[in-house]
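One structure below.
The values are calculated or read from the model by the stated rules, or taken from the named source; none is laboratory data. On a predicted model such as this, the values are computed, not experimentally measured, just so you know. Neighbour counts run over all protein chains shown; Cβ positions are idealised from the backbone, glycine included. Protein only, heavy atoms only, side chains kept; ligands, DNA and RNA dropped before computing areas. Shrake-Rupley method; radii C 1.70, N 1.55, O 1.52, S 1.80 Å.
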Amino acid sequence: MSGQIPRACYASSIDGFRLDGAFGAIARGVCMGSAWRARYGGLIYALLTAVLVTLLYAFTGLFRYADGLAYDTMMRLTAGRHQVSNMLLVEAGFAHREDGDATWLEMVKTLENLGAARVVFTFVPEHVSADFYAYARKKGNIIFGRRMISSPSDPEAMELEPWPEKAGGDLPYGVVVMPVAEYGVYRWQRTHVRAEGALHPTLEAAAAALSSRFKHAEMPEIFLINYEMGAGQFPRMSLERVLKGGAIRELIAGRTILIGLSGTSEIPGVQTPVSLPGFLTPLLEVRGAAIYTLLSGRIVRQMGPVLLFACLLALMFVSLVLYHWLDIRRATLASAVVFGLYLAAVWYAFVSLLLWIPVVALVSGQVLYFILFFREKALAHEQTMREMLEDLASELKKRVVPASFYETREHWAQVANMIYQTLDLERLILLERVEGDHRVREVHALNCSLEDIGERRRDYEREPYKTAIAENGPIQLTRPYLRNRRENEQEYLVPLVFGGEVLGFWAFTVLPEHKVLIHNFPHVIRDFAHQISELLYHRQRWQAEHRQEEEPGLQGYLGVEGHDRILREVHKDLALLEFRLASLENVLNGMSVASIVYDLFGDVLQVNRRMEDLAKQLDIEPYELTALDFIHELTDIGAERCRQMFREVVLEHGRFSLPVHSEKSERVFMLSLQPLYHRESEQAVESGEAHPFALQGILCELIDVTEMRSHYGVKDRLIERFLFRMRNDLQGVLTGSALLTHSELDGDQRSRTEALMARKIDHVVDMFARTHEYISKDLETGTSEVYPVDPRQAVVQAAHALQSQARRHKVALQLNLPRFASLVLADHSGMLDWAVRTSMSILLEDAVENSTLVVDMEESDRWLTIRCKNQGFGLPEARLKDYLFGDMPVESRLYRNMREAILRIREWGGDVHARSQVGEGMQIELKLEVFFHD
């Protein structure tokens, strides 16, 4: 069989194209003058790109391989969205091929009795009786797969394998052919093949022809197999199970039953778009997918050249508008956005319309147009830009670029000053390595002279330098290194090494009383040495690269930029400016506090990313609000009071902290207002900036106090429960005290009453001790430490979060919760809520429609049990426990989360139990330790 896709099937004819007109337009475009190129160049390039890519797509296979990979990726990403409900695969061992009526006739009758729509054999049973074939002929819905064999008379000719003699003539059949491969991936299948001078339906087409959806004449000659069910997701059953009566009507009725032999000598499997890495898809499953595609009518169609040309034109015109206003960097980002949009369109068309848009052709068109457009744009702007660069470079150097550590010759002095300002040292000397030698020379001294070094050899392969390098940290010198050392002065030598390269040494002295003030003194010195070494190393690299740029040699002439001093200077200055701006923006966006700065005219100066996100949650538009309106929207404070606070901030430089009121966010915030000062300068006036009242603006910060409030809420509930329990116990003590006043009590009753009172008092004391222990704890976010939490609240929150999921599954949630539940020991940061939600999600996925998921809560002695039970399909109990408690990897994210939840619950001192019964449903119990128990 040929593995090539007919060109007519890959891309249909391009009706409506006149090649002479297209090439004429191209020729005219090439000959255009500069004026036409400046005015209509973008439009001509758009048409040229669309025509060229369409022609390449229609008449060559240039995009076929890459487009096939994109198609396979899309198929894998969307696989599993549809379940196969109209087919069932029956696998039989190869040894069953020799079986007779006891196997095949019995199986066919069983399937027919169970309501199978049609039975499709991928082979012709040879050892059955005439009764089998008579039964098949009578039913009319049993199809056999006949293979192509070489003709005895002409080995080069192919013919169909003959029917067995007992068949008694023709029966419904289809030709068994291999799927069609495209670069080794089997994506296509035929509906007809030619043999013996006639067209014969393939097995897939013959099976689909029995359905009312298709007739042979209406089927495409070749079609894309739809693997939307995913790899290994086909319903299947073994032959032995069918023969033993394991098949039930619900699995068979109305389905097409495809019967194939496993372990045959033919190819055991092929590569398909949904094949898992390192695995092949069985041929039986591929044939099943092909039959499913035809039966369901979900045939993926490919876009033809005419429609592709229209899409390319639309894409080119959108790109033309964007590129006209954007520079190349922003245009790259815009192209990425456009690329994402049409990827979404490709995904939508593939999933919803079963239409495959050749995404590689679209990407190639956009990339080609990007190159052509910006080449033209670069030529137009190059001369103008070069005239501006020198002025810009000199201006930036005067106003933006300070002296750099990498450029200055006084870098050792900067290092010494950094050390002096940070560490309280007596004397300090820095030594650098002599390039190309194993010696060092002194380069800078502080509070002493370079001649104070008593060691004369300066060879770092000798002591004490050798020991310092081996320690890779500070060493205290016993022998004097510097002259005139005082008695209480301690000497240290520190190597400056980075990446195994010795860059120099740092010698210093320190007094013991100053040393003790530096916590973890050796570690601090080691960190300083490492940072200094890294600075020196990068400076050394920068200096080497800078020298190479100044004297590029032969290699410098191989690049595109060339030896342009102006470009290098501007690039360096702009890089520093961009680095500073990006650093400031990263600092602002990295702040956990949401911040927005308004000027006094009501305009927004700066908003960080946290504030943008919060503004969306709170449904406010900070860019459309003045500072006054912003305060009013968030706090619900009257306009007059807001104006008064605003006036105090502007005139008196006051500061305010206000609570935020919003029903659109579950978080709790405080709004902080404070002025930003600015000193007037001549440069600010020249640049057109005005700052009345010496204020640059008003800083508004939203401070999230949810965690703080939540922590206090947890402790409040603990105290509330303690007081409730203590009241009950004290009530019992008071009742016992009243009983003891009665003289009618005999001695035994009095003893029991006194014992009960003692237990109540001990219980109160114990509760008080435990409560005090937990109340005194500082709750930290992100820790796994247990704390008394409210299980009822966790269940309610979990059920609320799953309401939409339950509605999608058409499952009702029933919570049988007590009005009052004891606190349990669990994570205080919401892990119990997450564990309950995960348990309920598993049961929701298993539940049948129009059923009820019940959540009960029971308390006994020192344990509280949260029991979740559904009415669903269920799993074998052993498999469920393996999913939840086993060590084998599981693909389901829910079961992986549940395993994590089980580990956390057991860390809290609780446990999890699970039950399941096929056909009835599943039950998961979370057992938690009660904090207050009798």
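In the context of the full set of protein chains, region 167-299 has a per residue accessible area of 40 Å² (1.4 Å probe).
Placing a label point 7 Å from the Cα of GLU451 along the Cα-to-Cβ direction, the residues of region 474-494 with a backbone N closer than 17 Å are 482-485.
When MET87, MET591 are compared by accessible area of protein heavy atoms, the largest-first order is MET591, MET87, using a 1.4 Å probe.
A simple spin-label model places the labels of TYR348 and ALA95 5.7 nm from each other, with each point 7 Å out along Cα-to-Cβ.
Round to the nearest 0.05 the FRET efficiency obtained for ARG879 and ASN586 when R0 = 56 Å and r is the Cβ-Cβ distance. With a Förster radius of 56 Å, E is 0.70. Here the calculated FRET efficiency for ILE248 and LEU903, from their Cβ-Cβ distance with R0 = 56 Å, stands at 0.90, rounded to the nearest 0.05. Sites listed here are trypsin sites (Lys or Arg not before Pro) in region 427-480 whose DSSP assignment is loop and whose Cβ has at most 13 other Cβ atoms within 10 Å: ARG456, ARG457, ARG462. Suppose R0 equals 45 Å; then what is the FRET efficiency for SER151 and VAL306 from their Cβ-Cβ distance, rounded to the nearest 0.05? So, using R0 = 45 Å, E works out to roughly 0.60. Model label points for ALA470 and ILE299, set 7 angstrom from Cα along the Cα-to-Cβ axis, are 8.2 nm apart. Ordering ARG808, ARG643, ARG792, ARG867 by accessible surface, largest first, gives ARG808, ARG643, ARG792, ARG867; the 1.4 Å probe counts only protein heavy atoms, with every chain in place.
The alpha carbon gyration tensor of region 409-548 gives principal lengths a ≥ b ≥ c with a/c of 1.5 or higher and a/b greater than b/c, which makes the shape prolate.
Working from label points 7 Å from Cα in the Cα-to-Cβ sense, the GLU221 to HIS438 distance is 8.0 nm. Computed with a 1.4 Å probe on the full set of protein chains, the accessible area for GLU204 sits at about 0 Å². Net length available on complete extension from GLN805 to ASP603 is 68.4 nm, with 0.36 nm assigned per residue and the Cα-Cα distance removed.
Solvent exposure of TYR677, expressed as accessible area, is near 130 Å², computed with a probe of 1.4 Å over the protein chains only. Accessible surface for ILE620 stands near 20 Å², nearest 10, in the context of the full protein assembly shown (1.4 Å probe).
Cross-link check: pairs LYS869/LYS927; LYS664/LYS869; LYS166/LYS244 evaluated at a Cα-Cα cut-off of 22 Å; pairs beyond the cut-off: LYS664/LYS869; LYS166/LYS244. Within 10 Å, Cβ to Cβ, of GLU204, how many net charges do the neighbouring residues add up to if Lys/Arg are +1 and Asp/Glu are -1? Charge balance in the 10 Å sphere: +2. Label zone (SER672, point 7 Å along Cα-to-C-beta; backbone nitrogen cut-off 12 Å) within region 596-639: 596.
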